[in-house]
1. Quick check on TYR314: is it of a type in the set (Ser, Thr, Tyr) and part of a loop (DSSP other than H, G, I, E, B)?
2. Report, ordered by the first and then the second residue, all pairs with beta carbons closer than 8 Å, sequence separation of six or more or different chains, a first member in the stretch 354-372 that is hydroxyl-bearing (Ser, Thr, Tyr), and a second member that is within 9 Å of the ligand (Cβ to nearest atom).
3. Given the criteria in a strand (DSSP E or B) and buried (at least 17 other Cβ atoms within 10 Å of the Cβ), does PHE212 qualify?
4. Residues that are within 16 Å of the ligand (Cβ to nearest atom), touching a residue at least 40 places away in the same chain (Cβ under 8 Å), closer than 26 Å to HIS35 by Cα and not polar (S, T, N, Q): does the stretch 248-269 have at least one?
5. Sort through ALA274, ALA246, ALA284 and tell me the only one that's more than 30 Å from ASN91 (Cβ to Cβ), small (Gly, Ala, Ser) and within 29 Å of the chain's Cα centre (by Cα).
6. Just wondering, is there one or more residues in the stretch 183-201 that are assigned to a strand (DSSP E or B), within 18 Å of the chain's Cα centre (by Cα), closer than 18 Å to SER220 by Cα and not assigned by TED's automatic domain parsing to the domain that holds GLU44?
7. So GLU345 fits all but one of (1) outside any helix (DSSP H, G or I); (2) crowded, with 22+ Cβ neighbours inside 10 Å; (3) acidic (Asp, Glu); what number is the exception?
8. Test SER47 against the stated conditions and say whether it is among the polar types (S, T, N, Q) and open to solvent by 30 Å² or more (accessible area, probe 1.4 Å).
Amino acid sequence: MNYDLSEDQVAFQEAARKFAQSAMTPHAARWDAEHQFPTELFVEAGSMGFMSLYTPTEAGGSGLNRLDSTLVIEELAAGCTSTAAFISIHNMALNMLARYGTDKVKSHWCEPLATGHKLASYCLTEPGAGSDAASLTTRAIRDGDDYLVSGSKCFISGAGATDLLITMVRTGEPGPKGISCIAIPADAEGVRFGKQEEKLGWNSQPTCTISFDSVRVPASHLLAEEGLGFKLAMEGLDGGRINIAACSVGAARACMELSLQYVKDRRQFGRAIADFQNTQFKLADMATQLVASRQMIRLAAARLDGDAPDRTSYCAMAKRFATDACFSVCDDAIQLHGGYGYTREYPIERFFRDARVHRILEGTNEVMRLVIARRLLAEQAAQLLD
Ligand SMILES: Cc1cc2nc3c(=O)[nH]c(=O)nc-3n(C[C@H](O)[C@H](O)[C@H](O)COP(=O)(O)OP(=O)(O)OC[C@H]3O[C@@H](n4cnc5c(N)ncnc54)[C@H](O)[C@@H]3O)c2cc1C
């Protein structure tokens, strides 16, 4: 077993770090304060291959594996966590299209989505179907060569500013087997966007409700087959969860780096606060949490790359652990900065606000526990505990 990154992996990581430091870090506070969705950045990110990280090269993507993709996402998140998180959701939606879309739809959409000239949203959650996503009610009825889609979605990242909506809809019976996945152009007649949510963090990207009023979509926009939509949605989320977890590691790492500098500079009681054992122990615990999170993500990513039967549980464990642990690292960083950590003078409070939602979305951390426990109790514990 080799825990070192390869030369290629170090190169991806360094390219992403340079990009984040030059194109994201200097602007992140403004994007947050002005609630600005940095669309021009996505084109720059597209030219680096970051908008299509694990989309196959045949579909115009970068063709990285999941592990390599998490290296890039962590770096971007250390620059601007909220913007990196949107990039990760766009990557998830594009990859679903690239893997399961019809040739006609892929040839129209994949290239502009991969270059960041067009953007995609992932639309699963509804007002009455959050954690219980399989109870969704947005309906698609077949009408000749088209589907007519009616219903509503909520909390959709990027909605109102994205071009393609990868949408889970009901085409059949109640429950997961009656769900299908359709790529709906955001400018189709009958698509309406509600007001943007006012949020604690993730302010560099809009979050919005969508209503579909008899939206006519060609049947060629169906991904895979009718009835497979829930499977596709969950498969997308396996990767989405380690991406979001990597965003948390990026936020925590940025907070750690700022803290290491701050504790050396800040003096109280005639000495640097780094000299207090409490500070040293806190830093040691923060670093341990960060490294443990990163290793769990890489293990889950390797399981996903290897198509291991227990990959879903590993992705859930990594997401649960890393998003909780890294949020607590951001919180500890505020504590080490004292009152200044609570102000906008330092970016710590923004990382803290941005990382908070990672414990809620792409399946809450309680739902992650359900996913893990289900496998443990299904007599497949041995695989997970080995
Ligand atoms: C900023 C933001 C962006 C988002 N972006 C997207 C997006 O792009 N696309 C998308 O489809 N969705 C998105 N979401 C939605 C997100 O995935 C949901 O908010 C999340 O899945 C939880 O659903 P809910 O909010 O309805 O909470 P609920 O499901 O109502 O849960 C409320 C509480 O009950 C707990 N709970 C629920 N069921 C159980 C159970 N069985 N056992 C134990 N505890 C339980 C939950 O863990 C939670 O603590 C986003 C949300 C936010 C806040």
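1. no
2. THR364/SER131
3. yes
4. The first filter runs over the stretch 248-269 and keeps only residues within 16 Å of the ligand (Cβ to nearest atom), leaving 248, 251.
From what's left, touching a residue at least 40 places away in the same chain (Cβ under 8 Å): 248, 251.
Still in the list and also closer than 26 Å to HIS35 by Cα: 248, 251.
Narrowing further to those that are not polar (S, T, N, Q): 251.
Yes: one or more hits.
5. Working: ALA274 fails: within 29 Å of the chain's Cα centre (by Cα); ALA246 fails: more than 30 Å from ASN91 (Cβ to Cβ).
From the options ALA274, ALA246, ALA284, the qualifying one is ALA284.
6. Scanning the stretch 183-201 turns up no residue that is assigned to a strand (DSSP E or B), within 18 Å of the chain's Cα centre (by Cα), closer than 18 Å to SER220 by Cα and not assigned by TED's automatic domain parsing to the domain that holds GLU44.
7. All conditions pass for GLU345, except number (2).
8. Criteria met by SER47.
The values are calculated or read from the model by the stated rules, or taken from the named source; none is laboratory data. Every value quoted in this text rests on a predicted model; they were computed, and no experiment measured them. When we count neighbours, we look across all protein chains shown, and the Cβ atoms used for this are built from the backbone with ideal geometry, even at glycine. Areas reflect the complete protein model, heavy atoms only, side chains present, ligands, DNA and RNA absent. Shrake-Rupley method; radii C 1.70, N 1.55, O 1.52, S 1.80 Å.
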